[in-house]
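Accompanying notes for the structure given below.
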Amino acid sequence: MSTMTTTVIKPRIRGFICITSHPTGCEAHVQEQINYVKSKPPIESGPKKVLVIGSSTGYGLASRIALAFGAGADTIGVFFEKPPEGGKPATAGYYNSTAFEKFAKAEGLYTKNFNGDAFSDEMKEQVCETIKKDLGQVDAVIYSLASPKRVHPRNGTVYSSALKPIGQTFTAKTLDTDKELIKDITIEPANGAEVTDTLAVMGGEDWLFWIEALKKAGVLAPGAMTVAYSYIGPSVTWPIYRDGTIGQAKKDLETTAKKISAMLAHENGKALVSINKAVVTQASSAIPVVPLYISLLYKVMKEKGLHEGCIEQMYRLFATQFYNSKQPTLDSDGRVRVDDWEMREDVQQAVQKLWLEVTSENIRDISDFEGYKTEFLKLFGFGLPGVDYEAPVSLDV
């Protein structure tokens, strides 16, 4: 246990990551998301016992908040985050998860956090034992892991994912968020090993391993639903995303959903992939082209009254697609689409027009780069109203 340390914490940004996080700010950010869910009607017939794999940031955290505070669900969260150490703050996900636990317990909800390697068999065993002991079974499993590497639990191989195009060099506009410059970026194509490695990290195998482990342990309730998250986006991002290494992994996720559905069919369970909209997350910030696209998209969607962040998306997903009287609306490939507002023709045409016009000189006028930066800093607990960022805070929570 680290000693009690108080210090003034300021954001320190390196490229697409902020290497500091603010415990009070992270708590305020979690509270903000809870308040949003509580301002909405309850999620009718929502799940009551939920496992969220990858629950500490982004869509995973928002899913946990939406189901706990919208459907009254007891939740178990699995994540890999660093606690405070040596006078350095913990990662944002650590503070988010601690704050979630505090707020959920105050509502009388069961909550349990597991901080460790979600890819490992040991973690799966621990979680299954805890479900059996504390909850009996779970009726929903949310799979929302984003990781740069994975140690394969069966053969010990370490796989590292790569964000690269396949088959040809890719050149496009991108936004240097530090220098506020629009510039061209050129990325060489992935080799065969990089494609295979990315598939091993970001594909569906670990999701399948989780469901197999839960099923074998007898802790999946009949009719249980499991969902994993993906993104398609506009053609401008396809070479680096949908048609690139990460896109191959996401296609594998879709194939895996069909395998899991077949495995759960006799108990009326199902696995689905939800295609979500582009939002500012720690993962999306790392993808070239995407921060520029998001800055333009936010401008258009806010002007049209269609803007959603992670929590609005996840509330809408569970309240209107999974847990109501209707069946979820699926596309021709069997996927749920909550990117429907982003991909509307009028939205995409407006974004495309701005994409052709945007320069370093006009970025602040014709995009919502300010909104992008605000959202980015909030991921790490900075820029939240009501938080005194000049006051020393304890790193231990």
Out of SER332, SER147, LEU306 - ranked by how far each Cα lies towards the positive end of the dipole of the chain, with unit charges on the beta-carbon of charged residues - the top one is SER332
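Please report, largest first and rounded to whole Å, the three semi-axes of the ellipsoid equivalent to the chain, where each semi-axis is the square root of five times an eigenvalue of the C-alpha gyration tensor. List each step's numbers first, then the result.
On the way: eigenvalues 183, 139, 96 Å².
Computed over the chain, the values are 30, 26, 22 Å.
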Between THR130 and ASN35, Cβ-based FRET efficiency (R0 25 Å, step 0.05) works out to 0.30
Rounded to one decimal in nm, the spacing of the 7 Å Cα→Cβ label points at ASP388 and ASP340 is 4.7 nm
The chain, Gaussian network, Cα under 10 Å: of GLY116, GLY15, GLY386, the residue fluctuating most is GLY386
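By the gyration tensor of its Cα atoms, with a ≥ b ≥ c the square roots of the eigenvalues, what is the shape of the range 266-358: rounded for a/c under 1.5, prolate for a/b over b/c, or oblate? Walk me through the numbers on the way to the answer.
On the way: a/c = 2.26, a/b = 1.96, b/c = 1.15.
Note, shape of the range 266-358 comes out prolate.
Could you tally the net charge around PRO288, taking each other residue with its Cβ under 11 Å from the Cβ of PRO288, Lys/Arg +1 and Asp/Glu -1? Each step should come with its number before you reach the end.
Details: positive: LYS164, LYS173, LYS183; negative: ASP176, ASP184.
Around PRO288, the surrounding residues sum to +1.
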Residues ARG12, ARG242 in order from fewest to most other beta-carbon atoms within 10 Å are ARG12, ARG242
Answer in debye to the nearest 20: the dipole magnitude of the chain about its Cα centre, from +1 Lys/Arg and -1 Asp/Glu charges placed on Cβ, is 500 debye
With Cα springs under 10 Å, the Gaussian network model of the chain assigns the largest mean-square fluctuation among LYS49, LYS373, LYS124 to LYS373
Rounded to the nearest Å, the spacing of the alpha-carbon centers of the range 319-337 and the range 5-64 is 25 Å
Helix-only [θ] at 222 nm, the chain, -39500 (n - 2.57) per DSSP H run of 4+, per residue, nearest 500, equals -11500 deg cm²/dmol
1/(1 + (r/R0)^6) with r = Cβ-Cβ of THR255 and VAL8, R0 = 45 Å, i.e. FRET efficiency to nearest 0.05, evaluates to 0.35
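Residues with beta-carbon under 15 Å from that of GLY247, excluding GLY247: net charge, scoring Lys, Arg +1 and Asp, Glu -1? Mind dumping the intermediate values first?
Details: positive: LYS164, ARG242, LYS250, LYS251, ARG335; negative: GLU194, ASP197, ASP243, ASP252, GLU254, ASP333, ASP339.
That sum, taken over residues with Cβ under 15 Å, equals -2.
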Quick calc, the range 31-134, dipole around Cα centre from Cβ unit charges on Lys, Arg (+) and Asp, Glu (-), nearest 20 debye, gives 320 debye
Spelling it out for LEU220: with amide H atoms placed in the peptide plane at 1.01 Å from N, the residues 5 or more places away or on another chain with amide H under 5 Å from its amide H are VAL138
Once both label points are put 7 Å beyond Cα along the C-beta direction, the LYS302-ALA106 separation in nm becomes 2.9 nm
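Please identify the longest segment of the chain free of exposed GluC sites (Glu not before Pro), where exposed means a DSSP state other than H, G, I, E or B and no more than 15 other Cβ atoms within 10 Å.
Numbers: sites that count: GLU44, GLU107, GLU180, GLU361, GLU390.
In the chain, the maximal stretch lacking such sites is 181-360.
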Note on the range 1-96: C-alpha Rg/Rh, Kirkwood Rh, two decimals, gives 1.04
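Evaluate 2.2 N^0.38 Å with N set to the residue count of the range 102-231, then give the Cα radius of gyration divided by it. Walk me through the numbers before you get to the answer.
Values: Rg = 19.4 Å, N = 130, 2.2 N^0.38 = 14.0 Å.
Normalised Cα radius of gyration, the range 102-231: 1.39.
Quick note: the coordinates plus some simple rules give every number you see, no bench work behind them. These numbers come from a predicted model, not from an experiment. Cβ atoms come from the backbone with ideal geometry, glycine included; neighbour counts cover every protein chain shown.
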